[in-house]
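The values are calculated or read from the model by the stated rules, or taken from the named source; none is laboratory data. All values reported here derive from a predicted model rather than from experimental measurement. Here the Cβ positions follow ideal geometry from the backbone for every residue, glycine too, while neighbour counts run over all protein chains shown. Heads up: the accessible areas ignore ligands, DNA and RNA and are worked out on the full protein's heavy atoms, side chains in. Shrake-Rupley method; radii C 1.70, N 1.55, O 1.52, S 1.80 Å.
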Amino acid sequence: MSDSTGSVLVVNSGSSSIKYQLVDPTTGEARASGIVERIGEAAGSVRHEVGDAVTQRELPVPDHGVGLRIVLGLFDEVGPSLADAHVVAVGHRVVQGGPRFSGPVLVDAEVERQIDELSPLAPLHNPPNLTGIRVARELLPDVPHVAVFDTAFFHDLPAAAATYAIDRDVAAAYQVRRYGAHGTSHQYVSREVAAFLGRPLEDTNTIVLHLGNGASASAVRGGHAVDTSMGLTPLEGLVMGTRSGDIDPAVLIHLQRNAGMSVDEIDDLLNRRSGLKGMSGENDLRAVHQLAADGDEHARTALEVYTHRIKKYVGAYAAVLGRVDAIAFTAGVGENDDQVRAGALEGLAPLGIELDAERNAGRKKAPTIISTDASRTTVVVLPTNEELAIARQAVEVAGAS
Ligand code: AMP
């Protein structure tokens, strides 16, 4: 492959994994993708996919540097050759850009330092994101590296939405505000929805429902986010696979005082033992549906809590936006689960939101309108593509550098 547009290597580095994709930023084609898993454990694995061809290696991966070296080796060995693919940039997903980053930036030592400095706001994510950046810059020194922040789309939220109603000195001292997350997806989907519906972005109000293992909602007016459900961290808002979403903060105080739970135990409870998993024992919605179909009451309740929470946000964001032109469902659940989509919007006809049961049925691999022709708000399933969104932003920044 030696066309002039080139490719972008998109890297998402987690604490024990590195996900990557070689993307054509023009066509969106994924030329290769893969994942290194269980980094630092006794037995690791690497999976590299090119079209339908899968190369799987089971081997210890002691650290991220070794992991990325193995990946680059696989590109050499099974292809596509990175030299031939003409890699014009490496795009790195970074979860927390804090008050500092309102858009993607070219990585240099100062940017690395700032990402590191933001770690207290995202202790599980920013440190491994930064490790990924450091090893990638070492191994691919001749290509521009661009950091794309999950929070950037929400950087300019109106104060009314971004501010927590606590003592302003405490908030300022500890940088406590709503930063949001999944911003790359919300931005991509809100733009694609307007294009898909043939509407000018500036005149389109959209509620985006990103429902994956993590889940978040946003209200987007004319291409700008005006509210979002995730907060200081990706814990607030919708019910998720293992995260509670919204909860009375007094529950934490109650558990600390009366159950003797430590801060770390409460952190573990809310982030890893809550959500669908906490209520039903399963974090994957397919398994929760199965349990519910088998008559499990906890699973039924979990589904009700899950869809009720989405509905509450739709109502809230309809009020924030005033006029809702589109509602977009995206990510693993949003694209695949017609029962959740139907449950979340059930009874909203008085708000001008009416699903068409036939159009809604089944999984959607491409943008699809699922509302009735009479529905004032057009409801759409719009598959997200965070890798493509990161690749496009990386090209923009790298091209301008
Ligand atoms: P994501 O984080 O976007 O990759 O979404 C992952 C989640 O999507 C999984 O945990 C499942 O709960 C959900 N999911 C994936 N496929 C389906 C499906 N066919 N039906 C319902 N939920 C699905």
Looking across region 259-279 at residues that are of a type in the set (Gly, Ala, Ser) and closer than 16 Å to residue 234 by Cα, the single one that is farthest from the ligand (Cβ to nearest atom) is 274
Those strands (runs of 3 or more DSSP E) completely within region 1-77 that have 3 or more residues that are in contact (Cβ under 8 Å) with a residue 40 or more places away in the chain and within 19 Å of residue 387 (Cα to Cα) are 7-13, 18-23, 30-37
Screening 161, 165 for residues that are more than 14 Å from residue 321 (Cβ to Cβ) and among the aliphatic types (A, V, I, L, M) leaves only 165
Note: among 330, 384, just one is touching a Pro at 6+ places or on another chain (Cβ under 8 Å), within 16 Å of the ligand (Cβ to nearest atom) and closer than 30 Å to residue 89 by Cα, namely 330
Filter pass, residue 312 being within 19 Å of residue 231 (Cα to Cα), open to solvent by 80 Å² or more (accessible area, probe 1.4 Å) and part of a helix (DSSP H, G or I): yes
Among residues of region 376-395 being open to solvent by 10 Å² or more (accessible area, probe 1.4 Å) and over 21 Å from the mean Cα position of the chain (by Cα), the residue nearest to residue 326 (Cα to Cα) is 378
Residue count, region 79-101, condition surrounded by 15 or more Cβ atoms within 10 Å (Cβ to Cβ), over 17 Å from residue 29 (Cα atoms) and in contact (Cβ under 8 Å) with a residue 24 or more places away in the chain, comes to 8
| Is it the case that some residue within region 311-327 is within 16 Å of the ligand (Cβ to nearest atom) and of a type in the set (D, E, K, R)? | no
Of the residues in region 347-367, those that are within 27 Å of residue 323 (Cβ to Cβ), open to solvent by 30 Å² or more (accessible area, probe 1.4 Å) and either within 12 Å of the ligand (Cβ to nearest atom) or in contact with a Leu (Cβ under 8 Å, 6 or more places away or on another chain) (or both) come to 354, 355, 367
**Prompt:** Can you spot a residue in region 179-201 that is hydrophobic (A, V, I, L, M, F, W, C) and closer than 18 Å to residue 97 by Cα?
**Reply:** yes
Exercise. Can residue 304 be described as in contact with a Ser or Thr (Cβ under 8 Å, 6 or more places away or on another chain) and open to solvent by 70 Å² or more (accessible area, probe 1.4 Å)?
Worked result: no
Of the candidates 100, 113, 93, the one satisfying the condition of being assigned to a strand (DSSP E or B) and charged (D, E, K, R) is 93
Filtering region 237-265 down to residues that are buried (at least 17 other Cβ atoms within 10 Å of the Cβ) and free of Cβ contacts under 8 Å to residues at least 24 places away in the same chain yields none
Going through region 280-290 in order, the residues found to be surrounded by fewer than 20 Cβ atoms within 10 Å (Cβ to Cβ) and more than 10 Å from the ligand (Cβ to nearest atom) are 281, 290
Inside region 334-346, the number of residues satisfying the requirement of being in contact with a Lys or Arg (Cβ under 9 Å, 6 or more places away or on another chain) and within 11 Å of the ligand (Cβ to nearest atom) is 5
- Answer yes or no as to whether residue 279 is under 30 Å from residue 175 (Cβ atoms) and hydrophobic (A, V, I, L, M, F, W, C). no
